[in-house]
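Notes follow the structure.
Every number in this text was worked out from the coordinates using simple rules, so none of it is lab data. This is a predicted model, so every value here is computed, not measured. Reconstructed Cβ throughout: ideal geometry from the backbone, glycine too, with neighbour counts over all protein chains shown.
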Amino acid sequence: MSEATATKTSIPQQRRLVTEIPGPRSQELHARRQEVVPPGVHSVLPVYIDRAHDSIVVDVDGNHIIDVCGGIGVMTIGHTDESVVAAATEQLGKVTHTLFTMTPYAKYVEVAEYLAKYASSDERYKTLLVNSGSEAVENGVKIARKHTGRPGVAVLENAFHGRTMLTSSMNHKAAPYAAGYGPRAGNIYKAPNSYPLHDGLSGAEAAARTIAFLEKFAGAEDLACLVFEPIQGEGGFIVPADGYLPALQDWCRANGIVFIADEVQAGIARSGTMFSFEQFGIQPDIILTAKGIAGGLPLAGITGRAEIMDKSQPGGLGGTFGGNPVACAAAVAVFESIERDALLLEAKRIETSFTEGLKALQAKHPAIAEVRGRGAMLAFELTKPGTTEADADLVARVIDFAAKQGVLLLATGVYNQAIRLLPSLKITDELIADVLSVLDEALTAA
Ligand code: PLZ
């Protein structure tokens, strides 16, 4: 048995606390960190992690914590998945860097082939690989501008697209992402979205509102692209009303606007289909991926229709580390695992168990206004009972209570109005039941 395997199989998939949370060793590390890491790099839960496997992270004090966050939707096939560790380890011993735009290698091509296969069965898509979701969004915009010769970028309310100078200007929230870091990028137009719980609009009505806003305020002929998350992630796991995205797609097509799906959080099997857009009857021109694509290694993709991607001149796209061989080897292992282990079905299993459990909690706790999401991307929104007013304090108290019990959760939404669940697609039914029982206790206590 290799050492890596020994470490992993020694982590049982069970919650077990041996100290308070955070424990003394975490507190000690946190004090050291504060001397050398600026507060702008905030940690939601200052519990320092030593090792992890599938859905359990073990902190430096020996606490076994259920990870229902996965580093914000990255550990889609679980922590230290054997096949990912093996593929990355093998690649580490072969070659770790050449720069694909200097001398290429096969794993990059293999990742692009997987993405092309999943993007469309009948149209040709090509892929550029980069390092992060933000970089994917940046390149998506760049490619759309090159293709159209237009400057404008349309985004939706509640969006999150990243932390670089361009992408932080595309987010809904000024603070903490853009405020004080200006000037912000220009030519970005934020339009109303579809948020069924709050706007009560049908998909057609919400789309008409989005389109009217963009036509008046941005001008369709000035828009290079519309960048949207099919299911909004940081914005609150908002699933748009039926027909909303198809209507936006029709409008984009009619006006020569590149339709760009940001699948950074919802993509790569998380929602129960390889890309979440598949569930809305649309076919984006460009698909952006990151997070779960390489099992925790930094990798992101811009996958677009060949005629759009081919517009850039040789040398126009790239970057030193984009499509690193180790990250690509890990990504190939992720795609193989999704297929071999039928993980799309697992996402459906998780959706069913968590949704049933959360709906039962909703019947008991009136603060739960809505349970929503797809696959292993689920959330429940907490409001002051009988109203649609966000209850961010309650959200914070529930998350804090759960953390102290060894369940790692995260808020979502522009007003931190919801709690999101981003479990591994391999999370066991026993752990799901345990998470639900802690949530029940947390809602009662809070
Ligand atoms: N697009 C839809 O969800 C990243 C943000 C974490 P990067 N979401 C998590 C944080 O606080 O910075 C995200 C996303 C969508 C783009 C991004 C950006 O991806 O890999 O973080 O750059």
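Odds and ends about this structure:
- Charge-dipole axis of region 86-340 as Lys and Arg at +1 and Asp and Glu at -1 on Cβ define it, positive-most pick from SER276, GLN265, GLY301: GLY301
- For region 276-287, 3J(HN,Hα) computed residue by residue from phi via the Karplus equation (6.51, -1.76, 1.60; θ = phi - 60°) reads 5, 4, 4, 7, 10, x, 10, 9, x, 6, 9, 10 Hz, glycine and proline entered as x.
- Considering only ALA446, ASN171, VAL85, the residue lying farthest towards the positive end of the dipole of the chain is ASN171, judged by Cα position with unit charges set on Cβ.
- Between LYS384 and GLN362, the modelled labels are 2.2 nm apart [label points 7 Å from Cα along Cα→Cβ].
- Debye, to nearest 20: dipole size of the chain, +1 on Lys, Arg Cβ, -1 on Asp, Glu Cβ: 840
- Region 86-340 - Rg and Dmax from Cα coordinates, angstrom: 17.8, 56
- Within straight-line reach of LYS146, meaning a Cα separation under 22 Å, sit the following lysines at least 8 residues removed in sequence or on another chain: LYS126, LYS190, LYS311.
- Selected from ALA402, ALA175, ALA347 as most flexible by GNM, with the chain as the system and alpha-carbon contacts under 10 Å: ALA175
- Relative to the Cα centre, the charge distribution of region 364-406, modelled as +1 at Lys and Arg Cβ and -1 at Asp and Glu Cβ, gives a dipole magnitude of about 200 debye.
- Simple label model, 7 Å out from Cα along Cβ direction - ARG340 to ASP122, nm: 3.3
- Annotation for region 354-446: GluC sites (Glu not before Pro) lying in DSSP loop with at most 16 further Cβ atoms inside 10 Å of their Cβ are GLU389.
- Förster-model FRET efficiency, 41 Å R0, THR98 and ARG397, C-beta, rounded to 0.05: 0.20
- Using θ = phi - 60° and Karplus 6.51 cos²θ - 1.76 cosθ + 1.60, couplings along region 117-131 (whole Hz; Gly, Pro as x): 4, 7, 5, 6, 8, 10, 10, 8, 10, 10, 10, 10, 9, 9, 9
- Highest-MSF residue in the chain out of PRO196, PRO230, PRO325 [GNM, Cα springs under 10 Å]: PRO196
- Net charge of neighbours whose Cβ lies under 15 Å from the Cβ of GLY62, counting Lys and Arg as +1 and Asp and Glu as -1: -1
- Taking θ as phi - 60° and the Karplus parameters 6.51, -1.76 and 1.60, the scalar couplings of region 77-84 work out to 9, x, 5, 6, 4, 3, 6, 5 Hz in sequence order, x denoting glycine and proline.
- Size of electric dipole in region 86-340: Cβ of Lys, Arg +1 and of Asp, Glu -1, about Cα centre, debye, nearest 20: 640
- Neighbour counts of other Cβ atoms within 10 Å put LEU92, LEU197, LEU45 in the fewest-to-most order LEU92, LEU197, LEU45.
- Counting neighbouring Cβ atoms within 10 Å and putting the fewest first, the residues ILE49, ILE287, ILE56 line up as ILE49, ILE56, ILE287.
- Cα→Cβ-extended label distance, 7 Å offset, between ALA306 and ASP222, nm: 3.5
- Cβ-based charge dipole, region 1-145, positive-most Cα from LEU129, ILE21, GLY71: LEU129
- Taking only the Cα atoms of the chain, the ratio Rg/Rh comes out at 0.96, with Rh defined as the Kirkwood radius.
- In straight-distance terms, cross-link reach from LYS404 covers every one of the lysines whose alpha-carbon lies under 25 Å from its own, apart from those fewer than eight places away in the same chain; here that gives LYS8, LYS359, LYS364, LYS384, LYS426.
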